[in-house]
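The values are calculated or read from the model by the stated rules, or taken from the named source; none is laboratory data. Owing to the predicted nature of the structure, the values given are computational and were not obtained by experimental measurement. Here the Cβ positions follow ideal geometry from the backbone for every residue, glycine too, while neighbour counts run over all protein chains shown.
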Amino acid sequence: MLYSFIHNISLLAIKLFFNQITLQNKETVPEDGPVIFVANHPNFFMDPLIVGSLSPRKLHFFAKSTLFNTPLKKWILSSLPLVPVYRKIDDEKNMNKNQDSFNKGYEILENNGAFLIFPEGISMGKRVLEKIKTGAARIGLEAESKNNFDLNISIIPIGLSYSDMVRFRSNIMIRYGNPIKLKEFEEEYKNNSIETVKKVTGVIESSLNSLTNYIETDEIEDIVEGLELIYKMELMTELGMELDDKNDDFITTKIMTDAVQWYKDNEPSLVIKFRERLNDYISLLKQLDIRDEFLDPARQENRQWGKTRTILFLIIGSPLFFWGVLTNYLPYRLPRLIISKKNLDGPAPSNAQEASWKLMYGFVLFLIYYTMEIMIFWHLTNDMMLVSIFILSLIPSGNFALYYSKNIRIYKQHVKFLSIFYKKRTIIFNIIQKRMELIQFIEELKNQYLEKVEKD
C-alpha cells in the first residue's frame, strides 16, 4: 500500500517537474524473473525517483546507510523497500554490515524480485561516470552460485541523461540497455570468482558508457558544452537528424564527446588550441551578454518572421500568462528562495542536490498552494463546474507562463542584440569573424577525425 502511494506520488512529481520524459528500449526489461537494475547516478535523490516510478517492475532500492542515520528516518525508511549499503567513505567500521545487505539481495533475487543499485556509489551532478563498484556483479553472481546458476538473473543497465539537472521543466532521457545474463558466466565464475566479478563489472561499465553521454573529465565536458552551443545544430543538420528528436540529439552529443575524447588521447595540443579559441569566443559573448544563435547565419532567414511571430504570441497570450503567474508564481518561486537561504547558511549544494530539493520543496508547496486556491475559489463561487475548470487550468496555465517568460527573454535579447549591433558594429563583426574561424577549425578537426577513425 505504502509503496503504491509513494510510487504514484513520485510519478506525478517527476511528470510535473520535467517537460519531456523520453523512454527508450523499455522492452528489454524481462516481465518476470530476477533482475538487477544498474544506473548511472548524476542527480542524487532524483535518479531513484525517476527509475522507480517509470520502471515496469516493482523495485527494491539499495541506498546508502547514511539515509538511516536517525531513529525517525530509520523507522520511516524501514517500511519502504530499501536496503542499506555501508560505504567506506561514510564509515569504514560498518563495512562488515554489508553482508546483511547482500543476504537481502540474494533473498530478493531468489523470490524473482528486482532491485536497483547505483554502482558508482556516489552522485556528482556531472556527466562524468565514476569508477563502477563491484556490488551488483557480486550479489548477482553469488546469488546464482548459491542456486546452481538456475535463477537466470538479468542485469539491466540504465542510462540517465538530463538536458539540465537543475532547471524546472527540463528534459530527461532514460535508456534501457540489453540484458547481461549472468548464466553465461557460470563456468568462469566457478573457475575464478574474483576475476569474473571484475569482468561482469567491466561489462556493466561499458554498457553504461554506451547509454550515457559519458564524459571523462571536467575539461572535456566544458569543450563538449561549447560544441553543443555553436555547432550541434549544424552537425545534426549535416547528419540528416531531426532537431526535435531527443534520440538524435543524444546521438549527436555522443559523437561529439567521442571525438573530443579521441583528440584528448591522441592530439592533446589541438585540444588546448581549440579550447583557447572557444573560451575566447564565449568570453566575448558573455561580455556583451548576447546569444550565439544571433550570430548564426543559418538562422538569419527566419529571424524577421520569428520576431513577428514572437510579438504576436506575446500580445495574444498575455491574459493566459497573467493567469498562470497569479495561480503558480508563489510556489514556483519559493523553492529557489529556500535553497538560496540554505546557501547563505552553509555550503552551496551541488547541481544534483539542488534539483532534488527543488523537486521536494516544489511538490509540497504546489500541493499546499493549489489546495488553498481551490478552497478559496470554491468559497467564492460555490459552483462545482467552475471549480473543476479552475482545477484543470492550474498546471497548463503554469506551464504556459513558463513558456511565455522564455519568449519574453528571447525577445528582449533580440532587441538588445539589435541595439548592440547598431552601436558597436565593429565589435559584432569581430565576434562573427571569430565564430566563422572557430567553425572552420571545427570542420578541419572533424574531417581529420573521420579520416583517422576510418583508417583505424
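For the stretch 238-272, a residue qualifies if it is touching a residue at least 60 places away in the same chain (Cβ under 8 Å) and more than 21 Å from residue 127 (Cα to Cα), and the qualifying residues are 266, 270. In the stretch 302-317, the condition of being surrounded by 11 or more Cβ atoms within 10 Å (Cβ to Cβ), at pLDDT 90 or above, in the same structural domain as residue 391 (by TED's automatic domain parsing) and farther than 18 Å from residue 409 by Cα is met by no residue. Checked against the criteria, residue 402 does not count as hydrophobic (A, V, I, L, M, F, W, C), closer than 14 Å to residue 293 by Cα and assigned by TED's automatic domain parsing to the domain that holds residue 311. Tell me yes or no: at least one residue of the stretch 168-179 is at pLDDT 95 or above, among the hydrophobic types (A, V, I, L, M, F, W, C) and not assigned by TED's automatic domain parsing to the domain that holds residue 249. The answer is no; no qualifying residue exists. On the stretch given as the stretch 155-189, residues that are touching a helix residue (DSSP H, G or I) at 6+ places or on another chain (Cβ under 8 Å) and farther than 23 Å from residue 24 by Cβ total 8. Within the stretch 200-217, restricting attention to residues that are hydroxyl-bearing (Ser, Thr, Tyr) and touching a residue at least 40 places away in the same chain (Cβ under 8 Å), the residue that is surrounded by the fewest Cβ atoms within 10 Å (Cβ to Cβ) is 217. Across the stretch 150-170, the number of residues qualifying as free of Cβ contacts under 8 Å to residues at least 60 places away in the same chain and either in contact with a His (Cβ under 7 Å, 6 or more places away or on another chain) or closer than 25 Å to residue 56 by Cβ (or both) comes to 2. Within the stretch 19-41, the residues that satisfy the criterion of being under 22 Å from residue 245 (Cα atoms) and either crowded, with 20+ Cβ neighbours inside 10 Å or in contact with a Pro (Cβ under 7 Å, 6 or more places away or on another chain) (or both) are 26, 28.
For residue 47, the stated conditions hold: it is among the charged types (D, E, K, R), under 12 Å from the mean Cα position of the chain (by Cα), on the phi < 0 side of the Ramachandran plot and assigned by TED's automatic domain parsing to the domain that holds residue 116.
Pairs linking a residue in the stretch 418-432 that is at negative phi to a residue that is of a type in the set (Asp, Glu) and surrounded by 10 or more Cβ atoms within 10 Å (Cβ to Cβ), with Cβ atoms under 9 Å and 6 or more positions apart or on different chains, are 420/289. Per the listing 340, 393, the residue uniquely at pLDDT 90 or above and assigned to a helix (DSSP H, G or I) is 393.
Within the stretch 382-394, the only residue that satisfies the criterion of being surrounded by 15 or more Cβ atoms within 10 Å (Cβ to Cβ) and farther than 12 Å from residue 323 by Cβ is 387. Looking at residue 243 and the list (1) buried (at least 17 other Cβ atoms within 10 Å of the Cβ); (2) outside any helix (DSSP H, G or I), which single condition is not satisfied? With respect to (1) buried (at least 17 other Cβ atoms within 10 Å of the Cβ); (2) outside any helix (DSSP H, G or I), residue 243 is out only on (1).
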